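Below: one structure, written as structure tokens.
The values are calculated or read from the model by the stated rules, or taken from the named source; none is laboratory data. This is a predicted model, so every value here is computed, not measured. A quick note on method: Cβ atoms are made from the backbone with ideal geometry, for glycine too, and the neighbour counts reach across all protein chains shown. For the accessible areas, the whole protein counts, side chains as well, though only heavy atoms, and no ligand, DNA or RNA atoms are used. Shrake-Rupley method; radii C 1.70, N 1.55, O 1.52, S 1.80 Å.
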Amino acid sequence: MPPLNETPRLKQLEDFAGRLRALGVYPEIPVVDGAATEPVIEVDGEDYLLFCSNNLLGMSSHPEVKAAAGAAVEKYGLGSGGSRMMAANMDVHVRLEARIAEFLGRESAICFTTGYMANVGTIPALMKMNFLASLDLADMARDFAEMRRDWRQSAPWDVFSEEANHASGVDGIRLSRATPHIYGHKDMAELEAALEASAGDAKLIISDGVFSMDGDIAPVPEMVKLAKQHAALVMIDDAHGIGVLGTNGRGTLEHHGVDPDGVEILMGTFTKAFGGIGGFVAGKQALIDYLRISARTYIFSAPLPPAIAAGLIASVDIVSREPWRREKALESAALFRNEVQASGFDTLGSETHIIPVLIGREDDARRVTEELHRRNIIAPNVRFPAVPVGRSRIRFVMTSSHTREQINYLLKSLKEIKSQLNP
Ligand SMILES: Cc1ncc(COP(=O)(O)O)c(C=O)c1O
């Protein structure tokens, strides 16, 4: 047998990566020595300013959060030891779920190990609910093969998904048997037409609350109105909104003043405003009880390590009692957005702490990243296939920890670099 690295398939992979490297588009990501969550990080012994961390409110390194996580390592050890459905259903997980549900003003919540897993587990589970509800539970001895056949023959859901949704929502839909209908970015007329054209009687509208690449906010009130008219459920992935938007940090719905009952499924992540890792879904008790027995990423994977869960409870407490953190992040974002626009850059539709600076050409975007790096600023560019060709951008994220001085240095650097780009 030839050595593994000489088999033709692996050779194809090697050639593909090699071609990307030759074109200079293979992502060469710097290795950070130490924390990668703070405004100043260390790479190869030098300090760099970082404007792309999602540690939005400084929670990752907050002393109370670290103390809670440290104490939990002492109490529980490192790992969780298995699935919540087996031995690893710990008090600390239950407390975290109760705390995030309370923070969001929802009846109940379920946690997943990442936000990605929350979406990939929840969406296919939702798409099975009418099939499962129709099962005759008295007939528990049913043959699995027969059940699978009935499932495949059952009417699929219609899912209406916004074109800029995060990959985890897209993958959740791909893993379900739903019929997807993709509508244009914030295009409520297209959503309405798609809902009207749908003959099915099970419908779900899915949208991000804050769009991760453009930093703009979804028109949730219009979506909720259309959902009522067409008897559809609404799921909002508010990974970027929760903790930051709204008077109490409850996210996009609070920002818009939307009645929480209009959005039956609210998804979020602990990775951003709360500075840790993990995902959650919040809603009515019946929804959460159902997800615990049907979301495969909850059932067949290990939950959050207990120390992370303990640190997150402290983090939610701080985010709840210190609104100045979200206010400062949003103020810094407004300042940066206004000034970078005044220098002639397009920030697309950004309304939040996520601020894309449109560069356009792929080679120019690479040049901007390199020039910023020369000035000790780390800001990766986002290019095709993450965004359409010719729409390359640098995506900046403003946090509560950035100082005015750091933002001014970034603005000055961008102004200098602009003159070197293609007209
Ligand atoms: C909108 C959105 N949803 C879900 C996720 C996935 O969250 P996590 O990083 O917790 O897996 C992300 C991550 O960037 C996101 O931007």
Practice problem: Mark the label point 7 Å from the Cα of Met147 along Cα→Cβ and return the residues of region 103-132 whose backbone N is within less than 17 Å of it. | Solution: 125-132
Exercise. Please work out how much length the chain gains when fully extended from Ile29 to Asp346, using 0.36 nm per residue of separation minus the C-alpha to C-alpha distance, in nm with one decimal.
Key: 111.6 nm
Self-check item: Between 0 and 90°, nearest 10: helix 306-321 axis offset from the chain longest Cα axis
Solution: 70
Exercise. Could you check the simple spin-label distance between Ala138 and Arg177, using points 7 Å along Cα→Cβ, in nm with one decimal?
Key: 2.5
Quiz item: What is the distance, in nm, between label points placed 7 Å from the Cα along the Cα-to-Cβ direction at Trp324 and at Ala286?
Solution: 4.5
Quiz item: So what J values fall out for region 390-399 if you push phi through Karplus, 6.51 cos²θ - 1.76 cosθ + 1.60 with θ = phi - 60°, rounded to Hz, Gly and Pro as x?
Solution: x, 10, 4, 8, 9, 9, 9, 10, 8, 10
Quiz item: Which percent of Cα pairs goes in each bin when the distances of region 63-321 are cut into 10 angstrom slices starting at zero?
Solution: 7, 31, 34, 20, 7, 1
Quiz item: Could you give the distance between the Cα centres of region 1-73 and region 142-171, to the whole Å?
Solution: 33
Self-check item: Loop-located chymotrypsin sites (Phe, Trp or Tyr not before Pro) in region 277-383 whose Cβ has at most 12 other Cβ within 10 Å (DSSP)
Solution: Phe300
Quiz prompt | Within straight-line cross-link reach of Lys415, lysines at Cα separation under 25 Å, skipping those fewer than 8 residues along the same chain | solution = Lys328
Quiz prompt | Computed helical MRE - 222 nm, the chain, DSSP H runs ≥ 4 contributing -39500 (n - 2.57), nearest 500 | solution = -13000 deg cm²/dmol
Quiz item: Once the Cα gyration tensor of region 181-267 is diagonalised, what are the square roots of 5 times its eigenvalues, in whole Å and ordered largest first, as equivalent ellipsoid semi-axes?
Solution: 22, 14, 10
Practice problem: Read phi for every residue in region 356-369 and hand back ³J(HN,Hα) as whole Hz from Karplus 6.51 cos²θ - 1.76 cosθ + 1.60, θ = phi - 60°, with x for Gly and Pro. | Solution: x, 10, 5, 10, x, 5, 5, 5, 5, 4, 5, 4, 4, 4
Exercise. Give me the percent of the accessible area of the chain that comes from carbon and sulfur atoms, probe 1.4 Å, all protein chains in place.
Key: 56
Quiz item: Rounded to the nearest 5, what is the percent of antiparallel bridges among the DSSP beta bridges in region 63-321?
Solution: 35
Self-check item: For Gly251, residues with placed amide H under 5 Å, excluding near neighbours
Solution: Gly243, Val244, Leu245, Gly246
Quiz item: Can you tell me the Rg and the Dmax, both Å, for the Cα atoms in region 52-97?
Solution: 13.2, 38
Quiz item: Got a sec to turn the phi values of region 271-286 into Karplus ³J(HN,Hα) couplings, 6.51 cos²θ - 1.76 cosθ + 1.60 with θ = phi - 60°, whole Hz, x for Gly and Pro?
Solution: 6, 9, 4, 8, x, x, 8, x, x, 8, 10, 10, x, 5, 4, 4
Quiz item: What's the extension gain from Glu42 to Glu196 if we count 0.36 nm per residue and subtract their Cα-Cα distance?
Solution: 50.0 nm
Practice problem: Run the quick spin-label model on Asn248 and Tyr409: label points 7 Å from Cα toward the beta carbon, then report their separation in nm to one decimal. | Solution: 3.9
Quiz prompt | Interchain or long-range residues, amide H under 5 Å from Ser83's placed H | solution = Ala88
Exercise. Keeping all protein chains in place, calculate the accessible area per residue for the chain (probe 1.4 angstrom), answer in Å².
Key: 47
Quiz item: Using modelled amide H (1.01 Å from N, peptide plane; none on Pro or chain starts), what sits under 5 Å from the amide H of Ile377, excluding residues fewer than 5 places away?
Solution: Leu49
